[in-house]
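Please treat every number below as a calculation from the coordinates, not as lab data. Because the structure is a prediction, the values reported are computed rather than measured. All Cβ positions, even for glycine, are placed from backbone atoms using ideal geometry, and neighbour counts span all protein chains on display.
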Amino acid sequence: MRLVVTGCDGQVAQSLVERANGDVEVVRVGRPELDLARPETIAPALTAARPDFVVSAAAYTAVDRAEDEPDLAFAINAEGAGKVAEAAAHIGVPVIHLSTDYVFDGGAEEPYCEDYRPDPRSVYGASKLAGEKTVAEANPRHLILRTAWVYSPFGANFVKTMLRLAADRDEIGVVSDQWGSPTSALDIADGLLLAANMLHGAADFSDYGIYHLAGTGAVNWSGFARHVLETSARLGGPQARVSDITTADYPTKARRPANSRLSTEKFATIFGWRAPEWRRSTEEVVRRLVEGNSPQDAH
C-alpha cells in the first residue's frame, strides 16, 4: 500500500515514516512541489505520487498568527485541504484528513463527541472547520480525524518546549485551567495506519466521516508539564518546578479551548483501536528526547 502524505516536516508525517511497516510505503510530498497556498500545484503533485491513500496532514498551524492572517489560514486550511481531497477523489482513492479540537468552543463539561456542534472561537479553528467541510464535499471517501495537544520527538511541540525551558529555568509557569488529552503523533500514526490498512481494498466500507483520535485520559497543561519534567528528572534530564497559572495570566491573541477533551469511542468501535494512556506515550517520547536516541527531524 502506498500512502502519500502532504507535508514533509510535520510531526504526523515524520511519525508515519517511522511507524510504517514493510507492507506500507509512506511518501511525503511538500513544498515547492505541493503547496497548499498554490492550489494549482496540488493535483499534479498527488497524481505523480501514485497514492493508494492520501493523508492530508499539511496545514497552517500558527494559531496566534492566524488572527492577523485569516486569508492565508483559510486559503491553506480550507481551500487547500479541499483541493487535496478533490485530487484524491479524481485519482479514485480515499483521503484521511487531520483536524483539531479547536473546532469546538471549549465550553462543554464532558469530552466532545463527533456529533457535538462545532463552534470555533479562533481564526485557526474556523479555518480548520471550513477545511472539514471542503474535504467532505470534495471526496465522499473521507476520514476526518480530529486530534489535540500533539507532541512527538519531531518538530516543535509542548514536550520539547518544557524540556528546553527546564534546561534554563528553575521554575516554569504553566496554565492549569485548560484540559485536554495529550496525543503522541506516533500514536496518531499507528491509528491512521491501522485504519488505512482496514480500508485498503474494502470496497464495502460505509463508515466514512468524522472521528476523534487522541490520547487516552485527560490532564491540564500544568499536570502535563509536571509529568514531562518528572519523567525527565528520573532519566537524568532537565528538571524544573511547575507553578500553576491561569489563562488570564498568560494572554494569547487566539482563544484556547478550556476543554479540549475528545471522546474516541467511535474510532475504537469502528476500528477496534484506541491510543495508549497519555502518560505512557509521553514517557516514551521524553525518554527518546532525553537519551538523545530520536532520529534527527527536519527542523
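Summary table
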{"read-out": "Length released on extending from Met198 to Glu67, taking residue separation times 0.36 nm less the Cα-Cα span", "value": "43.3 nm"}
{"read-out": "Contact order normalised by residue count of region 5-134, Cα under 8 Å, 6+ apart, percent", "value": "26"}
{"read-out": "Theoretical FRET efficiency, 1/(1+(r/R0)^6), r = Cβ-Cβ of Ala167 and His90, R0 51 Å, to 0.05", "value": "0.55"}
{"read-out": "Cα pair distances in region 174-299, grouped into 10 Å bins until the bin that holds the longest one, percent each", "value": "12, 32, 33, 18, 5, 0"}
{"read-out": "Distance between region 184-260 and region 100-150 - C-alpha centres, whole angstrom", "value": "15"}
{"read-out": "Segment Tyr250-Asp119, length gained on full extension (0.36 nm per residue, minus Cα span)", "value": "44.9 nm"}
{"read-out": "Charge dipole of the chain about the Cα centre (unit charges at C-beta), most positive-ward option of Ser15, Asn220, Pro94", "value": "Ser15"}
{"read-out": "For the chain, built as a Gaussian network whose Cα springs stay under 10 Å, the top-fluctuating residue of Gly106, Gly30, Gly82", "value": "Gly30"}
{"read-out": "Against the rule of thumb 2.2 N^0.38 Å, how large the Cα Rg of region 69-189 comes out", "value": "1.23"}
{"read-out": "Most mobile of Ala58, Ala48, Ala138 in a GNM of the chain (Cα contacts under 10 Å)", "value": "Ala48"}
{"read-out": "Cα-centred dipole magnitude for the chain, charges only on beta-carbon of K, R (+1) and D, E (-1), debye, nearest 20", "value": "380"}
{"read-out": "Positive minus negative residues near Asn197 (Lys, Arg vs Asp, Glu; Cβ under 14 Å)", "value": "-2"}
{"read-out": "Local net charge near Gly92, Cβ-Cβ under 15 Å (Lys/Arg +1, Asp/Glu -1)", "value": "+1"}
{"read-out": "Nearest-20 debye value, region 32-172 charge dipole, Cβ charges on Lys, Arg, Asp, Glu", "value": "480"}
{"read-out": "Region 169-215 shape via C-alpha gyration tensor axes, a/c threshold 1.5", "value": "oblate"}
{"read-out": "Relative contact order computed over the chain (Cα-Cα under 8 Å; 6+ residues apart), in percent", "value": "21"}
{"read-out": "Rel. contact order, % - alpha carbon contacts under 8 angstrom, at least six apart, region 102-260", "value": "37"}
{"read-out": "Over the chain: helical MRE at 222 nm, DSSP H runs n ≥ 4 each giving -39500 (n - 2.57), nearest 500", "value": "-11000 deg cm²/dmol"}
{"read-out": "Most mobile listed residue (Ala148, Ala73, Ala240) in the chain, GNM with C-alpha springs under 10 Å", "value": "Ala240"}
{"read-out": "Exposure proxy order (Cβ contacts within 10 Å, fewest to most) of Glu25, Glu114", "value": "Glu25, Glu114"}
